1. Against the definition (of a type in the set (Ser, Thr, Tyr) and open to solvent by less than 10 Å² (accessible area, probe 1.4 Å)), how does Tyr135 come out, yes or no?
2. Can you tell me which residues in segment 194-216 are open to solvent by less than 10 Å² (accessible area, probe 1.4 Å) and under 17 Å from Asp241 (Cβ atoms)?
3. Among residues belonging to segment 1-25 that are part of a helix (DSSP H, G or I) and out of contact with any Asp or Glu (no Cβ under 6 Å at 6 or more places or on another chain), point out the one that is surrounded by the most Cβ atoms within 10 Å (Cβ to Cβ).
4. So which of Gly43, Gly5, Gly39 is touching a Lys or Arg at 6+ places or on another chain (Cβ under 9 Å) and among the small types (Gly, Ala, Ser)?
5. Return yes when Lys45 is part of a helix (DSSP H, G or I) and open to solvent by 10 Å² or more (accessible area, probe 1.4 Å) and no when it is not.
6. Checking the conditions here, which among Glu223, Glu252 is surrounded by fewer than 17 Cβ atoms within 10 Å (Cβ to Cβ) and not β-branched (Val, Ile, Thr)?
7. Out of the residues in segment 95-109 meeting the condition of being β-branched (Val, Ile, Thr) and out of contact with any His (no Cβ under 8 Å at 6 or more places or on another chain), tell me which one is most open to solvent (accessible area, probe 1.4 Å).
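The values are calculated or read from the model by the stated rules, or taken from the named source; none is laboratory data. Treat the numbers as computed from the prediction; the structure is a model and nothing was measured. Counting neighbours? That spans all protein chains shown, and the Cβs are built from the backbone with ideal geometry, glycine included. Each accessible area value is taken on the protein alone, full model and side chains, heavy atoms only, with ligands, DNA and RNA left out. Shrake-Rupley method; radii C 1.70, N 1.55, O 1.52, S 1.80 Å.
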Amino acid sequence: MIRIGANPIGWSNDDMLEIGGDIPLETCLKEAREAGFTGMELGNKFPREASKLKPILEAHGHALVSGWYSTELLVRDVAAEMDAVKAHATLLRDMGCSVLIAAETSNAIHSDITKPLSARPVLPKNRWDEFGARYTNFAEAVKAEYGLQLVYHHHMGTVVQTEAEIDRFMGVTGAAVGLLLDTGHATWGGGDPARIARHWKERIHHVHCKDIREVVMWRSNREDWSFLESVLAGVYTVPGDGLIDYVRVLSELQGYSGWIVVEAEQDPKKAEPARYARLGHANLSRFIKEAGLI
């Protein structure tokens, strides 16, 4: 079964808290439900105890989809990572989630507005095998202890950004490590999300859909902007409002079951969240049907 969820990043940004910092959580949940969404991922305004979070989400007709977790497996071992993830994984488990979204951020630059994307970290060839082994062991431990499927979120400004790096990361990790396909990050990173979907279909257990405003992307690349400068300029938008052919991408995911999430960070002062939520849900619903997924 496919369900369509939303990420609160269209209302309030987690990497730069002043973006949408004045928008109440209740406004986000209400507008998302009115747009048609039935699930939400975590954001910085969400309570982190199931006893507090569950009634808030249920009052607005939402399930908890999942939530981002920042790993530091390049600088600490699996045991230390399991200690660090405990509260987050416990919340996801207690809220009935099935996946844990993870990305390596020990040396990432995406949350630093002063650093251009050209300064992002590149993992040396001799570190990939160890990195993959640690991630595999971490994913296995998360599954065994919490019953959660780890899905890796490739992301601009991190060591897994390009299509080649996605392939390399998946190649050095075991089956316990799933992939979160993010159409916007894949495209901006120079890749083809349809080809990634086709090649790694069996390990894709979560999907994020954001579109790309091509003019902004090329200007960011040309003028060497930071990730957050690009977001503020409007590089991302909701599915169907940019350059990505979503029917082509989604057609490669025949048999997929799980959440497909609209996760399009924009400046709410420039892109009114309720309007874009309605547009994103309507477009994505249509694309899913046209791709034959339902």
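1. Yes, satisfied.
2. His208, Cys209, Lys210, Asp211, Ile212
3. Selected residue: Gly10.
4. Unique residue meeting the criteria: Gly39.
5. no
6. None of the other options fit; the residue is Glu223.
7. Out of the qualifying residues, it is Thr105.
Here is a yes/no grid of residues against (1) open to solvent by less than 10 Å² (accessible area, probe 1.4 Å); (2) without any contact (Cβ under 8 Å) to a residue 24 or more places away in the chain; (3) more than 26 Å from Tyr152 (Cβ to Cβ):
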{"residue": "Lys30", "(1), (2), (3)": "no, no, yes"}
{"residue": "Arg33", "(1), (2), (3)": "no, no, yes"}
{"residue": "Gly39", "(1), (2), (3)": "yes, no, no"}
{"residue": "Lys54", "(1), (2), (3)": "no, no, yes"}
{"residue": "Gly67", "(1), (2), (3)": "yes, no, no"}
{"residue": "Ser70", "(1), (2), (3)": "no, no, no"}
{"residue": "Val75", "(1), (2), (3)": "no, no, no"}
